[in-house]
Amino acid sequence: MRAIRLSAYGAPPSLALEELPGPLPGAGEVLVRMAAAPVNPSDLAFLAGTYGVRKRLPVVPGFEGSGVVVSTGAGAEALAGARVAVTAGSGDGTWAELVVTRARLCTPVLATTGLEAAAALTVNPLTAWALLDVASRGSHRAAIQTAAGSALGRMLLRLAKRRGVPMIHVVRGPARAEELRALGGEHVLDSSAPGFDAELARLALALGATIAFDAVAGPLTGRLVAAMPEGGRVLVYGALSSEPSSLSPLDLVFGGRRVEGFWLAGWMRERGATEVAAARAGVEAHIGGDLRTDFAERATLDRAVEAILCRSRGERRGKLLLLLGGDPA
Ligand SMILES: NC(=O)c1ccc[n+]([C@@H]2O[C@H](COP(=O)([O-])OP(=O)(O)OC[C@H]3O[C@@H](n4cnc5c(N)ncnc54)[C@H](OP(=O)(O)O)[C@@H]3O)[C@@H](O)[C@H]2O)c1
């Protein structure tokens, strides 16, 4: 079977399409014929060696994807033939024609969910769901998000709108701002525009935006903290700027504001299996709508390495979907 393998972390990473022996499922595992897998910022950070998880090399990258279970190990027979959304365990990931993974890391999808949509069912949609869950548990009346033009940002925009949660969407340029207004974003701010900080502070106070979801980090974290009302809470959940978050300590000391990290895996552990299963069901109900991913490019395995490296070099924008050979219907 063919798979993409990472043999050295870095910028650029050492990636190649290789012919590998077909894996066999052990007890509690399943063999999945893969249909599709997205290339997310977490994958690119993993390839660069800057993600919070490192694996022994060489390894097949890819944190999520979808496919059909073609063989099962002892105890995993219930999944035989199932169409599933897959998340990778501690070994090889999803960028391969065949993947062996723990049965509990596979979620059967509805017959109405296409395998392209199922490929991006977990990382971004569940995070959007989880971030709004945190906001709701904290009784925050409104929220701020950065990198609002990202796939996840658009999901947050649509989901927050549906739930009636006012949200301030921060993007880094006028073109993206226009796009988000066209998507229905009411409060869209361009961080590169003059007067951004004052307008953010004014809106945050007016709406009661006491929580912010920051995927950019760098100086933007500090600008959020400074603009938020007293008691404001910033959840840093990404590092798109590749810079350390910087902020004025005085904004923490005198305003009772907090900066925390957010990781989906931590939220899933905290909430427990029953709540996570309910969230997954909620996510799947919206996977063709509010929580859809609009892929900008699709690449078959023979073109995948070049397409991934283009994303690593920041030469192309928009979400890339790898087509891994299985029927993506
Ligand atoms: N913590 C977690 O558990 C978790 C889970 C899922 C996702 N995430 C994070 O969520 C974020 C969005 O993921 P995604 O898959 O939705 O991304 P995506 O669709 O691939 O989009 C990437 C976005 O990054 C923006 N961007 C890139 N460099 C930037 C910079 N220097 N300053 C500001 N914006 C920059 C781009 O802005 P333009 O629109 O202007 O090009 C684009 O909107 C990522 O940081 C990802 O790691 C975190």
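Net charge around S246, counting only other residues with Cβ within less than 15 Å of its Cβ (Lys, Arg = +1; Asp, Glu = -1)?
Values: positive: R223, R257; negative: D197, D214, E243, D251.
Charge balance in the 15 Å sphere: -2.
Taking the alpha-carbon centroid of each part, what is the distance from the range 3-29 to the range 228-245 in angstrom?
34 Å
Any idea what the dipole of the range 263-327 comes to, in debye rounded to 20, about its Cα centre with Lys/Arg Cβ at +1 and Asp/Glu Cβ at -1? Walk me through the numbers before you get to the answer.
Details: 11 positive and 10 negative charges, 46 e Å.
Rounded to the nearest 20 debye, it is 220 debye.
Pull out a ≥ b ≥ c, the square roots of the eigenvalues of the alpha-carbon gyration tensor of the range 226-325, then state rounded if a/c is under 1.5, prolate if not and a/b is larger than b/c, and oblate in the remaining case. All intermediate terms of the calculation are to be shown ahead of the outcome.
Values: a/c = 2.79, a/b = 1.47, b/c = 1.90.
It comes out oblate by the Cα gyration axes.
Return the loop-located GluC sites (Glu not before Pro) in the range 206-283 (DSSP other than H, G, I, E, B) with at most 14 other Cβ atoms within 10 Å of their own Cβ; answer none if there are none. Spell out each step's value before the answer.
Values: sites: E230, E260, E270, E275; in loops: E230.
Hits after loop and neighbour filter: E230.
Please work out the Cα center distance from the range 99-177 to the range 250-329, rounded to the nearest Å.
First find each Cα centre; the distance between them is then 8 Å.
Evaluate the charge dipole of the chain about its Cα centre and quote only its size in Debye, nearest 20, assuming +1 on the Cβ of each Lys and Arg and -1 on the Cβ of each Asp and Glu.
Here the chain has a charge dipole of around 360 debye.
Sum -39500 (n - 2.57) across every DSSP H segment of at least 4 residues in the chain, then divide by the residue count to get the 222 nm mean residue ellipticity, nearest 500.
Values: 11 runs with 111 residues, N = 329.
So the helix-based figure for the chain works out to -10000 deg cm²/dmol.
Mean Kyte-Doolittle of at least -0.5 plus a Cα span of 20 Å or more along the axis: flag which DSSP H helices in the chain meet both, please.
On the way: long enough: 123-137 (21 Å, 0.65).
Once both thresholds are applied, what remains is 123-137.
How high is the relative contact order of the chain, in percent, with contacts defined as C-alpha pairs under 8 Å that are six or more residues apart?
On the way: 722 pairs, mean separation 60.8, N = 329.
Relative contact order here is 18 percent.
Which of rounded, prolate, oblate describes the chain, given a ≥ b ≥ c as roots of the alpha-carbon gyration tensor eigenvalues and a/c under 1.5 marking rounded, otherwise prolate only if a/b is larger than b/c? Write out the running numbers ahead of the final one.
On the way: a/c = 1.99, a/b = 1.69, b/c = 1.18.
Prolate, because a/c is 1.5 or more and a/b exceeds b/c.
Please list 213-222, 1-10 highest first by mean number of surrounding beta-carbon atoms within 10 Å per residue.
Peptide ranking by packing, descending: 213-222, 1-10.
Sort 294-304, 119-129 for me by packing, meaning the mean count of neighbouring Cβ atoms within 10 Å per residue, highest on top. Each step should come with its number before you reach the end.
Values: 294-304: 14.6, 119-129: 24.7.
Top of the packing list down: 119-129, 294-304.
Once you keep just the Cα pairs under 8 angstrom separated by 6 or more residues, what percentage relative contact order results for the range 153-260? Numbers along the way, then the final one.
On the way: 176 pairs, mean separation 21.3, N = 108.
This gives 20 percent for the range 153-260.
Where does the Debye-calculated log10 I(q)/I(0) of the range 1-45 sit at q = 0.13, 0.23 Å⁻¹, using only Cα point scatterers of equal weight, no solvent?
Log10 of I(q)/I(0), two decimals: -0.43, -1.03.
Please report the net charge: other residues with Cβ closer than 14 Å to the Cβ of R317, K and R +1, D and E -1. Spell out each step's value before the answer.
Working: positive: R154, R172, R176, R311, R313, R316, K319; negative: E179, D294, E297, E315.
Counting the neighbours of R317, the net charge comes to +3.
Shape of the range 119-188 from its Cα gyration tensor (a ≥ b ≥ c, root eigenvalues): rounded if a/c is under 1.5, otherwise prolate when a/b > b/c, or oblate? Write out the running numbers ahead of the final one.
On the way: a/c = 2.00, a/b = 1.25, b/c = 1.60.
Oblate, since a/c reaches 1.5 and b/c is not below a/b.
Every read-out reported here was derived from the displayed coordinates using simple, explicitly stated rules and does not represent laboratory data. What you are looking at is a predicted structure, and each value in this text was computed from that prediction instead of being measured. Here the Cβ is made from the backbone with ideal geometry for all residues, glycine too, and neighbour counts use every protein chain on show.
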